[in-house]
Amino acid sequence: MKILSVNAGSSSLKFQLYEMPEEKVLISGVFERIGIDGSLYTIKIDGEKFRKVVPLPNHAEAFRLLTEELLERKIVDDLSEIQGVGHRIVQGADLYDKSIVIDEEVLKNIEDLSPLAPLHNPAHAVGIKAAMEAIPNALQVAVFDTSFHQTMKPSEYLYALPYEWYEDYKVRRYGFHGTSHKYVSMKMNEILERNDTKLITCHIGNGGSISAVLNGKCINTSMGFTPAAGLIMGSRAGDIDSTIIPYVMDKTGMSINDINNVLNKKSGVLAISGISSDFRDIEDAAIAGNERSILACEMYANRVVDYIAKYYVQLGGCDAIVFTAGVGENSPFMRKLIIDKLAVLGIKLDEEANNERGKINKISAEDSSSLVYVIPTDEEVMIARDVLSLL
Ligand code: AMP
C-alpha cells in the first residue's frame with residue numbers, strides 16, 4: 001500500500017511516498033519558493049536527484065506537478081493506489097493527543113488554531129485542501145507536532161500568568177517537534193529492549209527542543225506556547241525575560257510585529273555570532289578563533305545543558321541522552337561541548353565514537369553514568385505509520 005507523507009510550509013512542500021508496511025521510500029522531494037519568483041522542485045528516486053525550475057503560483061500547482069511526476073515516472077499507474085496522505089501539522093493545541101483522520105471539523109480546527117502558529121497552520125490547511133483535490137480518494141490524516149507533549153501535567157504546561165489567559169485564550173505551553181521526540185525515544189527504547197526508561201531527547205537543528213520522556217511518555221519539553229521558547233536556536237532567542245519586550249519597544253518605537261520578527265528571525269546564534277544562523281559557519285568561525293562565534297557556541301551549549309540538568313532531576317536520573325536533527329546528528333563539536341559540561345553527573349563522551357557520522361551511534365564512554373546516543377530522526381516515517389494504523 002502506498003502512503004504519502006507531506007510537510008507543507010508557507011512557501012514549500014516536502015513529501016515522501018512510502019510503500020507500507022515495508023517503509024520503503026519510493027520517491028521523495030521538495031517544492032520550494034511556492035508563490036515566489038524562482039520556484040523549483042527537486043525529487044529523489046533510487047538515490048538519483050532531479051531538479052526542475054517551474055512556476056509554482058500555489059500549493060495546488062505543486063500537488064498537480066507531484067501527481068504528474070508520480071504517473072509519468074510510473075511510481076503509480078493510478079493515483080488511487082495512494083491510499084493515505086499524512087500531513088505534518090505544527091499546532092494542534094490541546095485538541096489532539098494523537099493523529100486523526102481529517103474531516104471538515106478537523107480542517108476548521110487547524111485553521112482556527114492559526115493565531116497560535118501563524119507561520120505554519122495556514123500553510124498546512126492550504127496543503128490539505130490541495131491534497132484533497134489532487135488525490136481525492138486517499139484518507140487524509142493530520143499528524144500533530146504537539147500530540148506527543150499532551151501527556152505533560154498542568155504543573156509543567158501552565159505559565160504563572162492570570163489563569164483566565166489559559167482558560168479564555170489557551171495560553172499554556174504546548175511543545176513542538178513531538179513526532180521527532182517520539183520517534184527517537186521509541187528507537188532508544190528498542191535499543192534498550194525495554195520501555196520503563198528515563199530519556200532526555202535533544203532535537204537540535206535550526207529550531208531546537210529538548211524533552212524529558214518517562215516510560216515512553218513526555219513529561220516536559222523546552223518549547224512553550226510557540227516554538228520560540230526554550231533553547232537558543234539558529235535565529236530564535238529562546239527563553240528571555242519578557243519585560244525586555246516593552247522596554248525595547250519603548251526605547252526604539254518598534255512595533256509588536258517588529259519585535260516578533262527580531263525574536264524569531266534576528267536573534268539566537270545569528271545575533272550573538274553576527275555571522276550566520278547556520279551552525280556550520282559558526283563552528284568554523286569559532287574554531288578559527290572568532291570571539292563572538294566562540295561566545296555563541298558557549299551560550300548555546302549552556303542552554304542545552306540547563307535543560308538536560310533540569311530534566312535529569314525531574315526524571316530522577318537518566319538512562320540515555322539522545323541527540324538528533326541537524327546539529328544533534330552532524331556536529332561532533334557541539335555534542336562534545338555539551339557532554340563535557342555534564343561531567344559532574346558522571347556523563348562521559350567516547351571521543352572516537354563521537355566523530356563517526358550518519359548512523360545510530362552510541363557516543364558515551366563505557367564508564368559513563370548515562371548512555372549517550374545519536375539517532376537520526378525520521379518524522380516522515382512516523383507520519384506514514386500513523387496513516388497506516390488509521391487506514
Ligand atoms: P534541521 O533544522 O534539523 O534541518 O537542522 C539544520 C541545521 O543543522 C543547519 O542550519 C545547521 O545549522 C545544522 N547542521 C547541519 N549539518 C551540520 C554540521 N555538519 N555541523 C554543524 N551543524 C550542522
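Only Cα pairs under 8 Å and at least 6 apart count here; give the relative contact order of the chain as a rounded whole percent.
On the way: 802 pairs, mean separation 54.5, N = 391.
About 14 percent, as a whole number.
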Can you tell which of 98, 52, 265 shows the greatest fluctuation in a Gaussian network model of the chain with Cα springs below 10 Å? 52
What does the highest-first list of 327-336, 347-356 look like by mean Cβ count within 10 Å? 327-336, 347-356
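Based on the Cβ-Cβ distance of residue 254 and residue 390, what FRET efficiency does E = 1/(1 + (r/R0)^6) give at R0 = 56 Å, to the nearest 0.05? Present the calculation step by step, with values, prior to reporting the outcome.
Details: r = 45 Å, r/R0 = 0.81.
It comes to 0.80.
What relative contact order, as a whole-number percentage, does the range 69-130 give when Cα pairs under 8 Å and 6 or more residues apart are counted? Walk me through the numbers on the way to the answer.
Values: 36 pairs, mean separation 19.9, N = 62.
So the answer I get is 32 percent.
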D for the range 145-288, whole µm²/s, Stokes-Einstein with Kirkwood Rh over alpha-carbon pairs at 20 °C and 1.002 mPa s: what number? 128 µm²/s
For the range 199-302, what is the relative contact order in percent, using Cα pairs closer than 8 Å and at least 6 residues apart in sequence? 19 percent
From the residues 326, 192, 123, which one has its Cα farthest along the dipole of the chain in the positive direction, the dipole being from +1 and -1 charges on Cβ of Lys/Arg and Asp/Glu about the Cα centre? 326
Residue by residue through the range 160-174, which ³J(HN,Hα) values in whole Hz follow from phi under the Karplus form 6.51 cos²θ - 1.76 cosθ + 1.60 (θ = phi - 60°), with glycine and proline marked x? 7, 10, x, 4, 5, 5, 6, 5, 8, 10, 6, 6, 6, 8, 10
Figure the gain on full extension for residue 191 and residue 80 (residue separation times 0.36 nm, minus the Cα-Cα span) and round it to one decimal in nm. 36.2 nm
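Over 26 Å between Cα atoms: which of 187/310; 266/362; 44/362; 14/129 fall into that group? If you can, show how the numbers build up before the last one.
Numbers: 187/310 23 Å; 266/362 35 Å; 44/362 30 Å; 14/129 15 Å.
Too far apart for the 26 Å limit: 266/362; 44/362.
How would you order 172-182, 16-26, 366-376, 186-196 from highest to lowest mean count of nearby Cβ atoms within 10 Å?
Numbers: 172-182: 25.5, 16-26: 16.9, 366-376: 18.5, 186-196: 14.4.
Sorting 172-182, 16-26, 366-376, 186-196 by mean packing, highest first, produces 172-182, 366-376, 16-26, 186-196.
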Sequence-distant or interchain residues sharing an amide H contact under 5 Å with residue 348, placed H: which? 365, 368, 369, 370
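Could you work out [θ]222 nm for the chain from helices alone, using -39500 (n - 2.57) per DSSP H run of at least four and dividing by all its residues? Round to the nearest 500 deg cm²/dmol. Walk me through the intermediate numbers first.
On the way: 15 runs with 153 residues, N = 391.
Only helices count here, giving -11500 deg cm²/dmol.
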Starting from the 7 Å offset along Cα-to-Cβ, what nm value, one decimal, do you get for the label separation of residue 24 and residue 302? 5.2 nm
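Laboratory data are not the source of any read-out in this text; all were calculated from the coordinates shown. Just so we're clear, the structure is a prediction, and the values are computed from it rather than from any experiment. Virtual Cβ from ideal backbone geometry, glycine too; neighbours counted across all protein chains shown.
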